[in-house]
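Undergrad: After the structure tokens below, expect a handful of questions from me.
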Amino acid sequence: MGNKSALVIGATGLVGKELTKKLLSLDDYSEIRIISRNPTGFNDFRLKETLVDFNNLSDVKDKFDVDDVFCCIGTTMKKAGTEERFVQIDYEYPIQIAKYALESGRLKKFLIVTAVGANPESSIFYNQVKGELERDLQTLQLPGLYIFRPSLLLGERKEFRFWESVGKTFSAFLSFFLIGAEKKVWAIQSDQVAAAMVQIAQSGAEGVYFYEPSKIRFLART
């Protein structure tokens, strides 16, 4: 059993759920912490789960004293309801999480899921916010920052999403014909993103790294 510790944010989401399963299958971590709004349902002696209102993250600052942080938190404009709420969840929370982890003095790797097309100059609000998040995370000078940019995420969700259903139906067929830059925007399985994150957590060097869908798929196969 290794002596590293990990913190997973967003363990009830598509990627976070798969990621937690994969971390529990490894011997690298002696402790895996989860900060969540709702119970995850996972049961393992190494798990330390804390329920919290994300507006009060300062109440659990002591939980950020870990080696590796996996930040999988995120929402959609539809679920957020307003642009302000979307910014709060997809920008403000991750920035605060990164700051607390850095302040602990123990952090070695900060791995986060954003989105393909993230760009602070984008005319698309969603991509703009994701781009601003990536930009401002880099200013924090984290020891190791690993940014995963998946395209449309596929997996088992509790709620029905029409366009995801369409993507799930046609992704395998169309990906056979897509090449190069076009292929990177097509759908990707959530467990592939989780597998890539775990792979990098085990071997990633210090610095700032970006992983587009094609690289994520490659890492998931290794």
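Undergrad: With every protein chain kept in the model, how would you rank 122, 104 by accessible area, 1.4 Å probe, largest at the top?
TA: On the way: 122 25, 104 45 Å².
Of 122, 104, the descending order of accessible area is 104, 122.
Undergrad: Follow-up question, since we're still on this one. If I stretch the segment between residue 22 and residue 221 completely, what's the gain in nm (0.36 nm per residue apart, minus their alpha carbon distance), one decimal?
TA: Full-extension gain reported as 70.2 nm.
Undergrad: Restricting to DSSP loop positions (anything but H, G, I, E, B) with no more than 12 other Cβ atoms inside 10 Å of their own Cβ, which GluC sites (Glu not before Pro) remain in segment 71-122?
TA: Details: sites: 83, 84, 92, 103, 121; in loops: 121.
Listed in order of number, the matching sites are 121.
Undergrad: Quick check: the distance between the Cα centres of segment 125-140 and segment 22-40, to the nearest angstrom?
TA: Rounded to whole Å, the Cα centres lie 26 Å apart.
Undergrad: Here is a follow-up. Testing the spin-label approximation: label points 7 Å from Cα along Cα→Cβ at residue 209 and residue 83. State their distance in nm.
TA: Between residue 209 and residue 83, the simple spin-label model gives 3.5 nm.
Undergrad: Toward the positive end of the charge dipole of the chain, about the Cα centre and with charges on Cβ (Lys, Arg +1; Asp, Glu -1), which of 140, 116, 7 goes farthest?
TA: Of the options given, the answer is 116.
Undergrad: Further, regarding this structure: If you add up the charges near residue 89, with Lys and Arg at +1 and Asp and Glu at -1, over every other residue whose beta carbon is less than 13 angstrom from its beta carbon, what do you get? Working shown, then result.
TA: On the way: positive: 37, 78, 79, 85, 130; negative: 53, 83, 84, 90, 92.
Taking every other residue near residue 89 into account, the sum is 0.
Undergrad: In segment 1-132, what percentage of the DSSP-assigned beta bridges are antiparallel, given to the nearest 5?
TA: Values: 0 of 19 bridges.
Here the share of antiparallel DSSP bridges comes out near 0 percent.
Undergrad: As a test question: what accessible area, to the nearest 10 Å², does residue 208 have when a 1.4 Å probe is rolled over all protein chains in place?
TA: 70
The values are calculated or read from the model by the stated rules, or taken from the named source; none is laboratory data. Note that the coordinates shown come from a computational prediction; the quantities given were computed from them, not determined experimentally. Ideal geometry is used to build each Cβ from the backbone, glycine not excepted, and the neighbour counts take in all protein chains shown. Ligands, DNA and RNA are stripped out before the accessible areas are found, and what is left, the full protein with its side chains, is counted by its heavy atoms. Shrake-Rupley method; radii C 1.70, N 1.55, O 1.52, S 1.80 Å.
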